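Q: Below you will find the structure I want to go over with you.
The values are calculated or read from the model by the stated rules, or taken from the named source; none is laboratory data. Here the structure is a predicted model, which is why all the values come from computation and not from measurement. Virtual Cβ from ideal backbone geometry, glycine too; neighbours counted across all protein chains shown.
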Amino acid sequence: MNLAKTYTPNDYEPTIYALWESSGVFKAKGQGTPYSIIMPPPNANGNLHVGHALGSALQDILIRYRRMRGDDALYIPGADHAGFETWVVYEKELEKQGKTRFDYTREQLYSQVWNFVDEQRGNMELQLRALGAGVDWNTLVFTLDKKVIDSVYDSFEKMWQDQLIYRSERMVNFCVKHQTSFADIEVVHKNEKGKLWSIAYPTLDKVGEIIVATTRPETMLGDTAIAVHPDDERYKDLIGTKVQLPLIGREIPIIADDYVDRSFGTGAVKITPAHDPNDFAIAERHQLERIQVINYDGTMINVPPQYAGLTAEEARKKVLSALSIEEALRGEQEIEHAVGHCYKCGSIIEPLVKEQWFVKMQELAKNAITAIEKGDISFTPHNKAQVVINYLKELRDWNISRQIPWGIPIPMFHSTTDPETWLFDRRVDETHIDVDGTTYVREEDTLDTWFSSGQWPFITTDYLTNGPLARYFPNAVMETAGDILFAWVARMLMLGLYRTGQVPFRHVYLHGLVLDEKGIKMSKSKGNVINPMETISEYGSDALRMGIVSSRSAAQNQAFSRGKVIAGRNFCNKLWNIARFIEGQVGDSQPTPHPDLHSMADHWIIHRLNQAISTVEQQLDDYRFAEAAETLYHVIWDDVADWYIEVSKIEKHTSMLAWVLDTSLRLAHPFAPFVTETIWQSLNWHSDVLAGAAWPEQKDCNELEAAEFGRLKRLVAETRYVTSELPGNERYSLLYMDDSLVADNAGLIQHLAKLETVEHVDQARGLRLASSGRDAWLDISPEILYEHQTNLEKRLAEARAESEALEKRLANDQYITKAPPELVEQSREQLQAKHSLVERLARELQVISEDSSDSSQL
């Protein structure tokens, strides 16, 4: 026997992956129907997390399944330079060394980060192998590869020529800690408690004052106007007059603008054009001066000496104190409002005016909306299509400038004689270039990472250069996390349509976040991050795959369940034990590939496997991964192991056993590739690689014969259940009257149900097996029957009480809203199980009662 007694995944998985790579099974074939998936490129700056394990498993299941179905399936791996993400990681390394970015040139920093990332990438690739990702490593693309940069620059140049890219001084989201701007989508808005201060501005043209309300009194130092609504009767006489800015003494006008909300605060708002996007827009309409009072490092500038150099928070305290001394404060109010934060460091985002590069989004978004509405692309869950459309309709221009040294440099240079004149040029490794006698200076910003990764589908397939992988564009599926639907998926759709005229993928499947076992979002600061490599080390890669896919719905954030991983490990062990048994039965013989059918059980197991094949196909075609895993689990565990293997111990049919094992391995391979391949390689009747084998075909069977075994199975299952309920641990006899099915299969029934005997009788006695669908009884004494009835009554009372307690708990709104979601779901599952138990116990007692009544009438 080739298979060891127990399956220890770590002894086999590295060898099996090496076998797949050496066999070339993952490589592009170039023939057949192309089916491609690109891996959302993991950040090249560190280890993978459990979210990568989920995405990798789902993508790999689809690829392996489609390859086995005969498609030319290609899984393209990638690695992301992750501009800002990687820079944050490396900046921490600099801090440990007592250094900052300002101690080096951009070229020095770029070289240092490149070496840092290059070290990390190898580790990431090893982890993807451990997860079983069946990728063609020859197609690996890094987002800083030459072909990526060339393609990105092609897109940039085309968009520049098409006037879709422009440079403008605009309000941007700025992180003063990392000193870079962000796109709108990268700002995390949190509801926080704050204060609304009322401040009196003395009117100059009329006696009195006007009171404004603000959450940021420190920015008043840069006020250039007060705005009111043109229809607000309270202020009509003041429009066009001036007020004096407290603490500064500067005269500023009162203007009218429809933007002002008359119901907010006093209906009069301070206008600080350099520090609020709405104020910026108002200033544009009214030609107001912009005075920047918060610098890009977060300190105060262009302010009186007592405030200069303070942080915004420090300045706020000092401004409030000064306003109080001047008796200009008119009150403060507790409020809750949305505050923008840096998604990486959590510091408050400062709206600051800065010259940046922007992409005009209106036309790009319009084309994407049309493609979705035409049905050129579909989504799972289906409702995400409308979610994307709604997002695209509200899309503002995209800030693609990043003030960090790591990434793809923006290929633009400005004239030294006219700084407003910009020139596209790819010589970004030079700080100055000469063109037609004019010197141009390099732009120092880099591109937003999403600008390059937004072009990923046509870059990785070399579609625009008609490379060897061009036939794999568009991709069949984009499988990715739901939280980057806007940041990545929507941008890939827009940029793909712009560059190729086609949607970049035909379907989008979104998975939710993997939460920790308590249903809390994982983070390093909380210390609740689950390392998939540790889980693989303990349970094996297949166990993790089965466990993480199980019971998981599209786009739903769900808790990681170690129990389900253990169930996945148990499934692998069960498959291993099935294979050991069958391998032992087949021995050195060569089984017939298409065996004849000898028994009802043969027909039945074919029927069950045929059903499973058809069902799994439909479920995977519909992206119902958890349901497909459940179908697989039950057909192998319940039908193959618990029934057909047991039958084969009485009715030996080695060629049929081999067919059942082969079919089971093929069916399970996309979900549990390592254990299935390990078993496949051990079988002496195989010389190929399972990863390259065909999907199992359905086999003809006699449905009537299969149904007959189903009836026998029902009798055996009921007999097993009832005997397990009886007191003591005895073996009982099964009694039957005229029943050819039982008579013809008495020995098999006796073996499967672990009975003393199976006997034909003329008179019924004992305990009737009412749910078996046959006239059959267990031969038990009246004393045991009475004890059994007493136990059933006691258990029924307990089950009803427990059921009522669960119903009461689930009817409590406090429990539903405040208890962890997994506990609520667990309570629902327990209630359903209790209801089933109550029904079962009540039915058994009814049978005993009816039989007792019939006996008393005799």
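Q: Output the helices (runs of 4 or more DSSP H) that fall wholly within segment 672-744 and possess 2 or more residues being farther than 30 Å from L767 by Cα, or say none.
A: Where helices (runs of 4 or more DSSP H) fall fully within segment 672-744 and carry at least 2 residues being farther than 30 Å from L767 by Cα, they are 673-682.
Q: Considering only strands (runs of 3 or more DSSP E) fully contained in segment 157-237, which possess at least 3 residues that are charged (D, E, K, R)?
A: 165-175, 187-202
Q: Right, something else. Scan segment 389-397 and give yes if some residue there is more than 27 Å from V148 (Cβ to Cβ), among the hydroxyl-bearing types (S, T, Y) and either touching a Phe, Trp or Tyr at 6+ places or on another chain (Cβ under 9 Å) or buried (at least 18 other Cβ atoms within 10 Å of the Cβ) (or both), otherwise no.
A: No, segment 389-397 contains no residue that is more than 27 Å from V148 (Cβ to Cβ), among the hydroxyl-bearing types (S, T, Y) and either touching a Phe, Trp or Tyr at 6+ places or on another chain (Cβ under 9 Å) or buried (at least 18 other Cβ atoms within 10 Å of the Cβ) (or both).
Q: Follow-up. Within segment 705-719, track down each residue that is within 14 Å of E844 (Cβ to Cβ) and under 44 Å from the mean Cα position of the chain (by Cα).
A: If the condition is that a residue be within 14 Å of E844 (Cβ to Cβ) and under 44 Å from the mean Cα position of the chain (by Cα), then E718 is the only one that fits.
Q: Same structure again: Give the residues of segment 204-224 that are more than 15 Å from V293 (Cα to Cα) and not hydroxyl-bearing (S, T, Y), sorted by residue number.
A: L204, D205, K206, V207, G208, E209, I210, I211, V212, A213 - these are the residues of segment 204-224 that are more than 15 Å from V293 (Cα to Cα) and not hydroxyl-bearing (S, T, Y).
Q: In segment 746-778, which residues are touching a residue at least 40 places away in the same chain (Cβ under 8 Å) and within 16 Å of M600 (Cβ to Cβ)?
A: Within segment 746-778, G747, L748, H751, L752, G773, R774 qualify.
Q: Please identify the pairs in which a residue from segment 124-137 that is assigned to a loop (DSSP other than H, G, I, E, B) has its Cβ atom under 6 Å from the Cβ atom of a residue that is among the basic types (K, R), counting only partners at least 6 apart or on another chain.
A: Pairs that qualify, where the first residue is assigned to a loop (DSSP other than H, G, I, E, B) and the partner is among the basic types (K, R), are G134/R64; D136/K27.
Q: May I pose another question? Looking at segment 778-785, is at least one residue touching a strand residue (DSSP E or B) at 6+ places or on another chain (Cβ under 8 Å), within 30 Å of D738 (Cα to Cα) and in a helix (DSSP H, G or I)?
A: Looking through segment 778-785, at least one residue is touching a strand residue (DSSP E or B) at 6+ places or on another chain (Cβ under 8 Å), within 30 Å of D738 (Cα to Cα) and in a helix (DSSP H, G or I).
Q: Further question: Just name the residue that is nearest to K713 (Cα to Cα) out of those in segment 593-652 that are in a helix (DSSP H, G or I) and small (G, A, S).
A: Checked segment 593-652; the qualifying residue nearest to K713 (Cα to Cα) is A601.
Q: Residue by residue through segment 653-671, note down the ones that are closer than 25 Å to I536 by Cα and in a helix (DSSP H, G or I).
A: S664, L665, R666, L667, A668
Results for (1) in contact with a His (Cβ under 8 Å, 6 or more places away or on another chain); (2) farther than 21 Å from G482 by Cα; (3) surrounded by fewer than 18 Cβ atoms within 10 Å (Cβ to Cβ), shown as yes or no for each residue.
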site	(1), (2), (3)
A322	no, yes, yes
E326	no, yes, yes
A365	no, no, no
G407	yes, yes, no
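Q: For segment 351-457, which fully contained strands (runs of 3 or more DSSP E) count at least 1 residues that are more than 27 Å from M39 (Cβ to Cβ)?
A: 412-415, 422-424, 432-435, 438-442
Q: Further question: Which pairs have Cβ atoms under 6 Å, sit 6 or more apart or on different chains, and link a residue in segment 58-76 that is over 26 Å from G512 (Cα atoms) to one that is basic (K, R) and surrounded by fewer than 24 Cβ atoms within 10 Å (Cβ to Cβ)?
A: Cβ pairs passing all conditions: D72/K29.
Q: Which residues, taken from segment 508-518, are surrounded by fewer than 16 Cβ atoms within 10 Å (Cβ to Cβ) and part of a strand (DSSP E or B)?
A: none
Q: Just to be sure, is T214 of a type in the set (S, T, N, Q), farther than 24 Å from K344 by Cβ, surrounded by fewer than 19 Cβ atoms within 10 Å (Cβ to Cβ) and touching a residue at least 40 places away in the same chain (Cβ under 8 Å)?
A: no
Q: Confirm whether E85 is of a type in the set (D, E), closer than 19 Å to H178 by Cα and either out of contact with any helix residue (DSSP H, G or I) (no Cβ under 7 Å at 6 or more places or on another chain) or at pLDDT below 75 (or both).
A: Yes.
Q: For segment 628-680, give me each residue that is free of Cβ contacts under 8 Å to residues at least 24 places away in the same chain and either hydroxyl-bearing (S, T, Y) or surrounded by 19 or more Cβ atoms within 10 Å (Cβ to Cβ) (or both).
A: Correct list: T631, W680.
Q: List pairs: first in segment 274-298 and under 21 Å from A183 (Cα atoms), second modelled with pLDDT under 95 and assigned to a helix (DSSP H, G or I), Cβ under 7 Å, 6+ apart or cross-chain?
A: Final answer for the pair search is I294/A312; G298/A312.
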